[in-house]
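Below is one structure, written out as C-alpha cells; comments come after it.
The values are calculated or read from the model by the stated rules, or taken from the named source; none is laboratory data. Every value quoted in this text rests on a predicted model; they were computed, and no experiment measured them. Because the Cβ atoms are built from the backbone with ideal geometry, glycine has one as well, and the counts that use them run over all protein chains shown.
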Amino acid sequence: MNYTLHQLQIFTEVVRQRSVTRAAEKMNISQPALSIQLKNFQEQFDQPLTEIHSRKLQVTDFGYAIAEIADGVLREAEAIRYKTKEYDGLMAGKLKISSASTAKYVMPYFLTGFHEENPGVDLELDVTNKTKVVEDLKANLVDFAWVSIVPEGIDVHEEIMMENRLYLVGSSPEFDEDGSLIYREEGSATRAAMDAYFKNKKTERKRIELTSNEAVKQAVVAGLGYSVVPLIGIKNEINIGQLHIIPRKSLPIITEWRLVWLKKRKLSRVAEAYLDYVRSHKKGIISDQFSWYTRKAEELK
C-alpha cells in the first residue's frame, strides 16, 4: 500500500461529512481533485470503502473501520509535528473553537494577539449556526464555543467577553407598520430575540426567513423589510446611510457574548493558555477595537 497522509485526511473528512461535496468545501479543495484522491485511496483496497445508494454516499462497515484507524494515524502524525515545535521552544497544539455566526464580527479580535504570540498553535475555527455550535459542544469536539446565550441542558463554564446589543433596523429611518419582518432561521439566538420582541405585537406581517446574518442585512439594505440585528455587525452600513436604527420601546435587546466550555472537558495546555490570554487582554481589546461600538451604544440610550 502507498497511501498518503493527505488521502487519509480526505477519506476521514468524507466519512465525517457523508458527502464528497461538503468534504471538498470543508477542506477548501475542488470536488474533482478530492474525488481523484479518494479514488486513488480506494484502489488500494479490495473491499469498498463507500457505496452510493439512492444517490447518497454510504460508508461501508469496512470504510468505518479504516476511517477509525486513519483518524488515529493522523492524530499521531499531528503529535509528531507539535512535539517538534515544542523542542524548538514553541507552545504547540491545536485550538478548536466553534462560533455562532454573529460572533464573527467580534471573535477574530480576541484571537489575533494570541495567534501572533504563539506561532506554533494551529487555529481551527468553525463559524456556523447556533444549533451546530451546540452540537459540537455537546459532542466534546471543540475546546470552546462563542455564543450569546448559554446553551440549555449542558454543564459549562463561561467567560463573559463583551456586550451584544440588538436593534431594529431598516433601509430608512421611518418604520412602516405594514412592512415585512426579516428573520434568521429557527435555532438562531438572533431569531429567538426577535421572536420574543414581536411575540406580543398584535399586527400581522409578512415574514421572510434567511439563513445568515449577512443575508438578513443585505435584504434590509435592499428594502425588503425590517429586522432586529446586532449593532456590532452593521457599523459600515450605518456610517454610509444604508441602514438606520429605528428607536422602539423595549429595544435594544441586550445579551453578552461569552466563551463557554464543557465542565467535564480537561483543557489542553493550549486551551488553558488561550483562556488566560482572553482574561488578561479582553478589556484592552474592547477599548482598542470596539470604542466605536461603545460610543454608538451610548448615543442610542
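For the range 2-19, residues that are in a helix (DSSP H, G or I) and either crowded, with 17+ Cβ neighbours inside 10 Å or among the basic types (Lys, Arg) (or both) total 10. I'm trying to understand the selection: among the residues of the range 249-301, which are of a type outside the set (A, V, I, L, M, F, W, C) and touching a helix residue (DSSP H, G or I) at 6+ places or on another chain (Cβ under 8 Å)? Ser250, Pro252, Thr255, Tyr274, Tyr277, His281, Lys282, Gln289, Tyr293, Thr294, Lys296, listed by residue number. For Glu158, the criteria (1) within 19 Å of the chain's Cα centre (by Cα); (2) within 26 Å of Phe198 (Cβ to Cβ); (3) not in a loop (DSSP other than H, G, I, E, B) hold in every case but one, which is (2).
Do we find a residue being more than 22 Å from Tyr293 (Cβ to Cβ), part of a strand (DSSP E or B) and not polar (S, T, N, Q) anywhere in the range 131-140? The answer is no, given that none of the residues of the range 131-140 is more than 22 Å from Tyr293 (Cβ to Cβ), part of a strand (DSSP E or B) and not polar (S, T, N, Q). Residues that are small (Gly, Ala, Ser) and free of Cβ contacts under 8 Å to residues at least 24 places away in the same chain: does the range 263-275 have at least one? Scanning the range 263-275 turns up no residue that is small (Gly, Ala, Ser) and free of Cβ contacts under 8 Å to residues at least 24 places away in the same chain. Regarding Thr102, is this residue modelled with pLDDT under 90, assigned to a helix (DSSP H, G or I), within 23 Å of Tyr293 (Cβ to Cβ) and in contact with a Gly (Cβ under 7 Å, 6 or more places away or on another chain)? So Thr102 passes the test.
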